[in-house]
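The values are calculated or read from the model by the stated rules, or taken from the named source; none is laboratory data. Remember, it's a predicted structure, so these values are computed and weren't measured experimentally. All Cβ positions, glycine included, derive from the backbone under ideal geometry; neighbour counts span all protein chains shown. Protein only, heavy atoms only, side chains kept; ligands, DNA and RNA dropped before computing areas. Shrake-Rupley method; radii C 1.70, N 1.55, O 1.52, S 1.80 Å.
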Amino acid sequence: MAKFIAGVEGTAPAADESPWRYGYGAFDDKAGRVFTFNSLTHWTGSAWQTGPKLPDATHGWVVLMAEGGHPGRNPDHAVIRRWIAPRDGEVAITGLLRHPAKDGDGVRGRIVSSRSGVVGEWKVHNGQRETAARVRVEKGDTIDFVVDCVTAEGFDSFFWSPTLRIDGATWDAARDFSGPAAPVVRASRWEQLAQVLLLGNEFAFVD
């Protein structure tokens, strides 16, 4: 009994968690990697933002929605849709990056692997580009879908909701998009012990 109580209380298994994270940050051109990733903390009910107002006084128009979003005021405030690999395998990525506005200078989208670096880069202004790539991942690797403003954030609303596939399993950015996860309440060791005892013969039968 003492060993049972002393055990480490469990946490939610990785399988219960969404592989998607939503943030903003900077891309390091020299290293070919995402340099900073800051989680977006304000959920409006349909979008992730840095705060309750748009534009934000510090970060600008940073926002991510199910099918797209808007980058912030400079390339250091790119919006980043992050996918964390739940298994090993080769990921097939498909998608369509769209920038509908005629004004502004368009947006730049990158697919960045934590293991392999940049696996795709596209600039789009008043148009669209197919964004297909394949990359090998191991469990825990990240694939970042990074969109920045190029030089100025005006008229930079975009649409990009990629799909990832590994061996028949599919993750769809638009379909999977969600707000804060509900907390998972796990029974304490004492509660687990009480349940075990209540299910035992001594409690089920009276001599």
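Looking at 107, 135, just one residue is over 14 Å from residue 81 (Cβ atoms), buried (at least 18 other Cβ atoms within 10 Å of the Cβ) and aliphatic (A, V, I, L, M), and that residue is 135.
Matching residues to (1) within 16 Å of residue 158 (Cα to Cα); (2) open to solvent by less than 60 Å² (accessible area, probe 1.4 Å); (3) touching a Gly at 6+ places or on another chain (Cβ under 6 Å); (4) of a type in the set (D, E, K, R):
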| site | (1), (2), (3), (4) |
| --- | --- |
| 35 | no, no, no, no |
| 45 | no, yes, no, no |
| 59 | no, yes, yes, no |
| 93 | no, yes, no, no |
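Residue 97 fulfils the conditions (1) more than 18 Å from residue 49 (Cα to Cα); (2) open to solvent by 10 Å² or more (accessible area, probe 1.4 Å) except for a single criterion, (2). Taken together, the residues in the stretch 154-176 that are open to solvent by less than 40 Å² (accessible area, probe 1.4 Å) and more than 17 Å from residue 81 (Cβ to Cβ) amount to 3. Number of residues in the stretch 148-159 that are assigned to a loop (DSSP other than H, G, I, E, B) and touching a His at 6+ places or on another chain (Cβ under 9 Å): the value is 6. Looking across the stretch 155-185, the residues that are modelled with pLDDT under 60 and out of contact with any helix residue (DSSP H, G or I) (no Cβ under 9 Å at 6 or more places or on another chain) come down to 183, 185.
Among strands (runs of 3 or more DSSP E) entirely within the stretch 83-147, having at least 1 residues that are in contact with a helix residue (DSSP H, G or I) (Cβ under 9 Å, 6 or more places away or on another chain) singles out 107-113. If we keep just the residues of the stretch 113-130 that are farther than 17 Å from residue 90 by Cβ and open to solvent by less than 50 Å² (accessible area, probe 1.4 Å), which is farthest from the chain's Cα centre (by Cα)? The selected residue is 127.
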